[in-house]
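Read through the structure below, which is laid out as structure tokens, and then see the notes.
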Amino acid sequence: MNIILFGPPGAGKGTQAKYLVKKLNGYQISTGDILREEINKDTDIGKKIINNMNEGKFVSDEIVNSLLKNHVFDPIKKEKLIFDGYPRSISQAKNLDLLLNNSNQKIDYIFFLNVNKETIIERIKKRKILEKRTDDDVSTILKRYDVYIETTRPVLDYYSKNSNFHEIDGTMEIDQITSKIEAFLNV
Ligand code: AMP
């Protein structure tokens, strides 16, 4: 079973992805984590992307798509992919369709965690204290939110007519959201 967790920054995608990894023996494909790892390891890619990440801007499709591909084609992860933070644009959604098609896979569930701007700002302020992410200060959050509205939110139109698309109120408590997801998955 492959799942997309979709929503603005701070919607709780990572939290729910970690839960689903345990519950389903799956693999969290967080493009944010994958990119942060490149920065932490100080790779050539890491050096190229650090400024964009810190400023809340997108990393290029070329880089993100090539890193993603390894995970989608990994035979161990096949049919156990839990996407968190990808796709983030219509072109990424089309790329994902292509990669899945080419590896004989599909998306089984898309969960849209819907959260308003005020809640996002409050949550990310708390996350900055806990995780010390350099892109979690208020001005960068606002930038990331604008990028979400402009480029990521239109992906909803791409998916929302599918019967496997489910909108969930992401302002609920973590375990309430988990229960909703479990109900859809029948697990
Ligand atoms: P996240 O951990 O999902 O909040 O992502 C943190 C940052 O990583 C984003 O603000 C972007 O700079 C970059 N990033 C993560 N996923 C993507 C993606 N799918 N496309 C482009 N940039 C991304």
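Values in this text are rule-based calculations from the coordinates and carry no lab data. Not measured: the values here are computed from a predicted model. Cβ sites come from the backbone with ideal geometry, for glycine too, and all protein chains shown count toward neighbours.
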For PHE184 and LYS126, calculate 0.36 nm times their separation in residues minus their Cα-Cα distance, and state this gained length in nm to one decimal.
17.9 nm
Per-residue HN-Hα couplings for region 79-85, Karplus 6.51 cos²θ - 1.76 cosθ + 1.60 at θ = phi - 60°, whole Hz, x for Gly and Pro?
6, 9, 8, 10, 7, 9, x
Quote the charge dipole size of region 3-185 about the Cα centre in Debye, to the nearest 20; the model charges only the Cβ of Lys and Arg (+1) and of Asp and Glu (-1).
220
Is the shape of region 3-185 rounded, prolate or oblate, going by the alpha carbon gyration tensor and its root eigenvalues a ≥ b ≥ c, with a/c under 1.5 for rounded and a/b larger than b/c for prolate?
rounded
Between region 68-142 and region 1-63, what is the C-alpha centre distance in whole Å?
6
Any of LYS41/LYS94; LYS23/LYS106; LYS126/LYS180; LYS106/LYS126; LYS80/LYS180; LYS57/LYS94 with alpha carbons more than 27 Å apart? Name them for me.
LYS41/LYS94; LYS106/LYS126
